[in-house]
Every structure is written in C-alpha cells, then in structure tokens.
1. Could you figure out which of (1) under 27 Å from Tyr255 (Cβ atoms); (2) part of a strand (DSSP E or B); (3) at pLDDT 95 or above; (4) not hydrophobic (A, V, I, L, M, F, W, C) isn't true of Thr147?
2. Just the residues that are within 14 Å of the chain's Cα centre (by Cα), hydrophobic (A, V, I, L, M, F, W, C) and surrounded by 15 or more Cβ atoms within 10 Å (Cβ to Cβ), please, taken from region 210-247.
3. When only residues in region 230-278 that are among the charged types (D, E, K, R) and in contact with a strand residue (DSSP E or B) (Cβ under 8 Å, 6 or more places away or on another chain) count, which is nearest to Met194 (Cα to Cα)?
4. Looking only at region 199-209, how many residues end up being surrounded by 15 or more Cβ atoms within 10 Å (Cβ to Cβ) and on the phi > 0 side of the Ramachandran plot?
5. Go over the candidates Lys270, Lys238 one by one and state the one that is among the basic types (Lys, Arg), at pLDDT 95 or above and within 20 Å of Leu104 (Cβ to Cβ).
6. Which one of the conditions (1) within 30 Å of Asp97 (Cβ to Cβ); (2) modelled with pLDDT under 95 does Gly160 fail to meet, given that it meets all the rest?
7. Tell me which of these Ile170 doesn't satisfy, since it passes every other one: (1) surrounded by fewer than 16 Cβ atoms within 10 Å (Cβ to Cβ); (2) within 27 Å of Leu269 (Cα to Cα); (3) of a type in the set (A, V, I, L, M).
Amino acid sequence: MKKLILSLFLMITLFDIGTLCRADEGNAAAEMARKLQDPLANINAIMTDNDISWNTGSNEDATSYGLQLQPVYAVPFEKQGFNLVNRAVVPILGIPDGGQKPILGEPTPPGNDRTWGLSDSLLQFFFSPKTDDPWKWGAGPMVSLKTRTDDKLAGPGWGGGPVAVLVGDIGDSISTAFITGHVWGDENGFSTSMLQPMIFYNLPDAWNIHYNNMITYDWNANKYSNAWTVPLGLGIGKMFALEGGHGIEIFAGPYYNAVRPDGAADWTLKWGISWLMP
C-alpha cells in the first residue's frame, strides 16, 4: 500500500511539474509573440514577409512571388532615455512583365517573361523615447538603397523620406501598431506614401489572428484608380518558444486587393517565418 501511495504521489508530482513546464513555455511564447508584434520592442530578430500573388501582370493571368528579408536590431540608449530600432526590408522578387512589385513598387515594364532578382532595399530608423505609458511612438528617417539586380525590378532607387510609428495595446488581448511614411526616389520621380496597420488579436497558446499589410498611394500614377493599393484580409500566426531564449513564429493568410492599380494581383497569400533571438 505504501508503494502504491508513493507511486501515485510521484505520478501526480511529475504530472504537475509537466503541466507547469508547459504553462511556462506557453507564457514565454506568448511574451515573445507580443514582442514581435511591437515594432519598437528592444529585440533582435530576422523576419520574413513573403507573397504569392495571383492574376497579375500585363495580361492579369500570371503569378508573382516575393521574399522579403526583414532584420531588426534595437540599440538601447539607457542614459539618453530612448531606443534606436533599426529595421530593413530586402526584397527578392519574381515578377511577370506588367506585374506590380509588392514593396513600394510600380508595375514592371511590358515584355514577355518573368524577372527574378533583388529589388531596391529600404532601411528604417526609429528613435523612440522610453515611457511607461501604454502607448509609445517612434520616428526617424527611411532610406532607399539602389540594390536592384535588374532594372525591371526597380523600386524608388536612391532616395528616402520620413517614417513614424505608433504602438499600443487595447486590453489584454489586442496589440496594435501603425507605421506610416513617405519615400521619394530618383527612379522616374518616385513618390509614394504608405500606411501599415498591424492589429493582432492574441489567443491562448501563443496563437493570434491579425491584419498586417501595407496600404500605398502612388503620387505619380497616370490616373487616380492606379494610385491606391488597399489589401483586405486576415492572417493567423503561432509562436514557438525554444531553448536558450530563442523563438520561432510562423504565419499565413490571404489578402484581397480591394483597390489596386493595373497589373496588381487580386489575391495574395502572405506567409512568413520569424526568428526572435535572445
């Protein structure tokens, strides 16, 4: 009887420890997810934001592909009372002729083939004052680098402009961020404004449902209907806590371009994998 009681006690103890460990892992993953949802968080990460877009190009029957590497490196300035958050967008594209580039890009020139390669890259620098308020902000310059490997994949070229972000939580479950900016470039008088709403509804076990996409306005569009790109949709994501303070998040979701210029896709599947470093 004593052995049976001792065995039951050990089993219950091990079960409780396992439950607590899983709870701790879940809490760690949820905390990591909230950090990735905050563009001003003091983190180091490598994110990807990828697109498969249908019904695009000159004949509106082709498929476009985009892989965007987005490294994030935050530098805290404790004595000065602010953080400097450095973010980059490095797009690798496969665009049919006449298709619209996904990152602040205009349609590719007409032709007869799909073009693969590197487009122009963006660097964003947010200076964010440290605060205990539930809402915080950051602002700074955005710089465009002429990194294209083919002129058909041209973005802004050499250029830049201002960028700003507002970040805050609504209750315990909703995280929001709004990035806005404008880029001028030397590529045919490039001038485009952007707004990126990021709204996450966080669920148990580090799952989330979200909207995270870019609305753009091209000031040099040949007609008003070609100026706006407005995607509507939802995505779902999941964070996994790993050993040593690392985290991996995966997400995917469909978006429909409710307003789009000529050559832009009607439907896009966005997906990505993000690595949060300790």
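The values are calculated or read from the model by the stated rules, or taken from the named source; none is laboratory data. The shown structure was predicted, so the numbers you read here are calculated from the model rather than taken from an experiment. We place every Cβ from the backbone using ideal geometry, glycine too, and count neighbours over all the protein chains shown.
1. All conditions are met except number (2).
2. Met214, Ile215
3. First pass over region 230-278, keeping only residues among the charged types (D, E, K, R): 238, 243, 249, 260, 262, 266, 270.
Restricting the remaining residues to those that are in contact with a strand residue (DSSP E or B) (Cβ under 8 Å, 6 or more places away or on another chain) gives 238, 249, 260, 262, 266, 270.
Numbers: Lys238: 27, Glu249: 25, Arg260: 14, Asp262: 18, Asp266: 19, Lys270: 18 Å.
Going through the qualifying residues, I end up with Arg260.
4. Total satisfying the criteria: 1.
5. The unique qualifying residue is Lys270.
6. (2)
7. Among (1) surrounded by fewer than 16 Cβ atoms within 10 Å (Cβ to Cβ); (2) within 27 Å of Leu269 (Cα to Cα); (3) of a type in the set (A, V, I, L, M), Ile170 violates only (2).
For every residue, the table says whether it meets (1) among the polar types (S, T, N, Q); (2) in contact with a Ser or Thr (Cβ under 7 Å, 6 or more places away or on another chain).
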| site | (1), (2) |
| --- | --- |
| Gly160 | no, yes |
| Pro197 | no, no |
| Tyr201 | no, yes |
| Asn213 | yes, no |
| Trp219 | no, yes |
